[in-house]
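Data first, discussion second: the structure below is written as structure tokens.
The values are calculated or read from the model by the stated rules, or taken from the named source; none is laboratory data. Given the structure is predicted, the values throughout are model-derived calculations rather than measurements. For neighbour counting, all protein chains shown are included, and Cβ atoms are generated from backbone atoms with ideal geometry for every residue, glycine included. Remember, those area values only see protein heavy atoms, side chains included, never the ligands or the DNA or RNA. Shrake-Rupley method; radii C 1.70, N 1.55, O 1.52, S 1.80 Å.
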Amino acid sequence: MKIGELAKRSGMTAHTIRYYERIGLLPRADRDRSGRRDYDASILAWIDFLGRLKATGMPIRDMRRYAALREQGDGTEPQRRELLERHRARVRARVDELNASLLVLDAKIGGYAERERTKQHDSRPPERRRREPAGAGQTRLG
């Protein structure tokens, strides 16, 4: 499959595909007689996995390390597992942070919703307290 088709099917741009190939995240593509890249459809699963790593915030250097270990093949499984376990721990910590933020947002939204419900049931305008001018009520020594 040509790079345009791969881009369309993977959701990546052709520029990103070439960049990933250049830095070693994607294996070098075979070339057709015209010298154009010709990819096998099996690369789509690998690209999907790279997209998941990127979406979860894995740094490019770690993605490159993982890709290099993958390319080395058998015997690198423990290192790949460790790399993914460290990344998973960072992802879980980020998910926990996001969940805590969601709770704050939910509470704030709930407060606004409650105020809106209260206003609908009570059509009286809110009472305003009259503020006294600065210095009012103070005795002047003179």
>> Please compute the modelled spin-label separation between residue 18 and residue 114, points set 7 Å along Cα→Cβ, answer in nm with one decimal.
In response: 5.8
> Among (i) 2, 7, 11, 12, 10, 8, 7, 6, 5, 5, 5, 4, 4, 4, 3, 3, 2, 1, 0, 0, 0; (ii) 2, 10, 20, 23, 21, 15, 6, 2, 0, 0; (iii) 2, 9, 15, 18, 16, 13, 9, 7, 5, 3, 3, 1, 0, which is the computed P(r) over Cα pairs in 5 Å bins from 0, in percent?
Replying inline: (i)
>> Just to confirm, what accessible area per residue do you get for the range 14-113 at 1.4 Å probe, in whole Å²?
In response: 70
> Using a cut-off of 19 Å between alpha-carbon atoms, which aspartates and glutamates can reach residue 119, once sequence neighbours fewer than 8 places away in the same chain are excluded?
Replying inline: 127
>> List the trypsin sites (Lys or Arg not before Pro) within the range 33-100 that DSSP assigns to loop and that have no more than 12 neighbouring Cβ atoms inside 10 Å.
In response: 33, 36
>> Could you work out [θ]222 nm for the chain from helices alone, using -39500 (n - 2.57) per DSSP H run of at least four and dividing by all its residues? Round to the nearest 500 deg cm²/dmol.
In response: -21000 deg cm²/dmol
> Counting only protein heavy atoms, what percent of the accessible surface of the range 1-76 is carbon or sulfur at a 1.4 Å probe?
Replying inline: 46
> For the range 1-125, what's the relative contact order in percent, using C-alpha pairs closer than 8 Å and at least 6 residues apart?
Replying inline: 18
>> Please compute the length gained on full extension between residue 45 and residue 92, using 0.36 nm multiplied by the number of residues separating them and subtracting their Cα-Cα distance.
In response: 14.6 nm
